[in-house]
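S.K.: Let me begin by handing over the structure; questions about it come next.
Just so it is clear, none of the values below were taken in a lab; they were calculated from the coordinates. The structure displayed is predicted, hence computed values, not measured ones. We place every Cβ from the backbone using ideal geometry, glycine too, and count neighbours over all the protein chains shown.
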Amino acid sequence: MFLPQFPEQAKTNKTRPDPVGEPPHRRTPGAAIIATGSQTGILGSELLPDYSATKGANNAFIKALAQRLIERGIRANVIPPGPVWTPLNPSDDGT
């Protein structure tokens, strides 16, 4: 397999975020769903293709969810922070 770590990365990033609290179909107008994304999910990274793919999937999921829920007055957004070191990032030496 080209990306042997992809299944674990997908499990970690879930490819389908679980919104906190009430499910989206039970939220009231004015509610908001905020998901943590990644700039890598937008830009991609040759060093982290598995991470880029799973975060990109999360971005697309939340964007689609936002389009579906806006008619109910429910917002959904992804906040993509810049680089954050985690133990899952083997290309970073942690400094």
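S.K.: Highest first, please rank the peptides 35-44, 78-87, 50-59 by the mean number of other Cβ atoms sitting within 10 Å of their residues.
M.R.: The peptides rank, most packed first, as 50-59, 35-44, 78-87.
S.K.: Taking H as built 1.01 Å from N, whose amide H comes closer than 5 Å to the amide H of I33, not counting residues under 5 places away?
M.R.: Those qualifying (amide H under 5 Å, at least 5 residues apart or on another chain) are R75, A76, N77.
S.K.: Rounded to the nearest 0.05, what FRET efficiency do L3 and R72 give with R0 = 35 Å and r taken as the Cβ-Cβ distance? Could you check?
M.R.: Step by step, r from the Cβ atoms, then E = 0.40.
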